[in-house]
1. Go through the stretch 364-393 and report how many residues are hydrophobic (A, V, I, L, M, F, W, C) and part of a strand (DSSP E or B).
2. Answer yes or no as to whether Pro329 is at pLDDT below 95 and either closer than 19 Å to Arg228 by Cα or in the same structural domain as Pro250 (by TED's automatic domain parsing) (or both).
3. Within the stretch 312-363, which residues are hydroxyl-bearing (Ser, Thr, Tyr) and not in a loop (DSSP other than H, G, I, E, B)?
4. When you check Glu207 against the structure, is it assigned to a helix (DSSP H, G or I), over 16 Å from Ile168 (Cα atoms) and out of contact with any Phe, Trp or Tyr (no Cβ under 8 Å at 6 or more places or on another chain), yes or no?
5. Of all residues being closer than 23 Å to Leu259 by Cβ and buried (at least 20 other Cβ atoms within 10 Å of the Cβ) in the stretch 37-47, which is farthest from the chain's Cα centre (by Cα)? Just the residue, please.
6. With the structure loaded, tell me whether Val344 is farther than 30 Å from Arg236 by Cβ and touching a strand residue (DSSP E or B) at 6+ places or on another chain (Cβ under 7 Å) or whether it fails that test.
7. Taking the residues in the stretch 216-252 that are crowded, with 22+ Cβ neighbours inside 10 Å and either among the β-branched types (Val, Ile, Thr) or not assigned by TED's automatic domain parsing to the domain that holds Ala195 (or both) as candidates, determine which candidate is farthest from Val197 (Cα to Cα).
8. Could you tell me which residue of the stretch 201-215 is modelled with the lowest pLDDT, considering only residues that are of a type in the set (A, V, I, L, M, F, W, C) and surrounded by 18 or more Cβ atoms within 10 Å (Cβ to Cβ)?
Amino acid sequence: MVTNGSAPALELEQLDVVFRVRGKDRQVLRGVTLAVERGESYGLVGESGCGKSTVALAIVRYLARNGRVRSGGIRIASKDVLALNGAELRRLRANDVAMVYQNPGAALNPSLKVGAQVVESFVARGVARREAGDRALEALRRVQIADPSSVLGRYPHQLSGGMQQRAIIAMALAKDPSLLILDEPTTGLDATVEAEVLDLVSQLQVELQTSILFISHNLGVIAKMCNRVGVLYAGRLVEEGPVATVLNDPRHPYTVGLLRCIPRGGVRKDHGRLDTIPGFLPQLGAEMPGCVYADRCPLADERCVAEEPPLAEVAPGHATRCWYHELAPDLPRVTAENITLPQVSREGVPVVRFDDLGKIFKQRGHDVHALEGISSAIWPGETLGLVGESGSGKTTLARALLGSVEPTTGVIELEGQTLAPHFTKRSQADLAALQIIFQNPDSALNRRHSV
């Protein structure tokens, strides 16, 4: 962490955010107080729906029309964000703060080439357009894009997810911001690309001395990237402290639960299993006079339900909001760590079998071998894991099994019966038997219909 006695890059003080829903204000953030020092990386963690992205949007005043800051303060480099007029706010966004979103494909304009969008980030700061073109090229080099001149001439859909995110980071850093907000920037990337992007961010932070607010649900990423961490639950900061201290000696039951949900190497489905956090987040705007986590906490008693604990320091720089923080590290497990699973029998017919599966795509007159000679089977009660980096053919194999991509070679069998290569020639029973859950739920759901 780099501090020089100057004001923090970001300060939130007792921040309350509400959303107007059906004529009533529903509270989403509850008195959030935190500070990100100059040159520091601060991690904000919590499960989906706990308010992490709302914090980010409130900081730059990008809340939806029905959202507003009801009380509290936001300061970026000593500037009172809530007191800025329209022109001052635009200057702040253009010069002092930048944001990298979770889905780079949605953050880039699909109708504009990447070059035009990177150039625009410089033009917005008052750089002449010709000079902006040169600086855009240099910005892509800085984020380690191998062929920046070619990338400038492509549309977003022609780039991989990792390349898209690098372009977004280049645009964000074009303004040399004092504060960079990263809202789950690697969630949609595979492990190898994620590691490359995280290393890039770390390198650029050291080079530019930028302060970072890193929002994530991945505690492993937070451990790698951040100096301090805050744990958010139901819009309330329930624990805060140095990363190593909080992750090695958690003092809030929610933090303990999150840590027990992290997958670890060397464990099996029947041994060293992950634990779970029972129950659900409280309803939006729920009135909670006591601890926000009381409904899900195994340690909760009448005091927890009736009276909210303060954010109290348990060690230098380490604070938690729990009446029984000394008991939190030994929280009883919800699920058994070791169980006995039924044996998978391979004597009968497998549920799905595919043999010598291959797929060749045509691209600019050349053959692209997406799949070659893939053979395997899945038996009743069995789970088959398929891993590989982006572009290795995982999704193509899934689509071939579903029939949305017709394989060039090979055979697919369902319970011993050969399936037609394309889904249009399969029976309704066959279509119902093979289902898929996609990576991006936003793209999988129809926006025109209610859930």
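1. Counting residues in the stretch 364-393 that are hydrophobic (A, V, I, L, M, F, W, C) and part of a strand (DSSP E or B) gives 6.
2. Against the criterion (at pLDDT below 95 and either closer than 19 Å to Arg228 by Cα or in the same structural domain as Pro250 (by TED's automatic domain parsing) (or both)), Pro329 qualifies.
3. Answer for the stretch 312-363, where residues must be hydroxyl-bearing (Ser, Thr, Tyr) and not in a loop (DSSP other than H, G, I, E, B): just Thr320.
4. Judged against the criteria, Glu207 is a match.
5. Glu40
6. Taking the combined requirement at face value, the residue does not satisfy it.
7. Val238
8. Of everything passing the filter in the stretch 201-215, Leu204 is modelled with the lowest pLDDT.
The values are calculated or read from the model by the stated rules, or taken from the named source; none is laboratory data. Since we're looking at a predicted model, the values are computed, not measured. Here the Cβ is made from the backbone with ideal geometry for all residues, glycine too, and neighbour counts use every protein chain on show.
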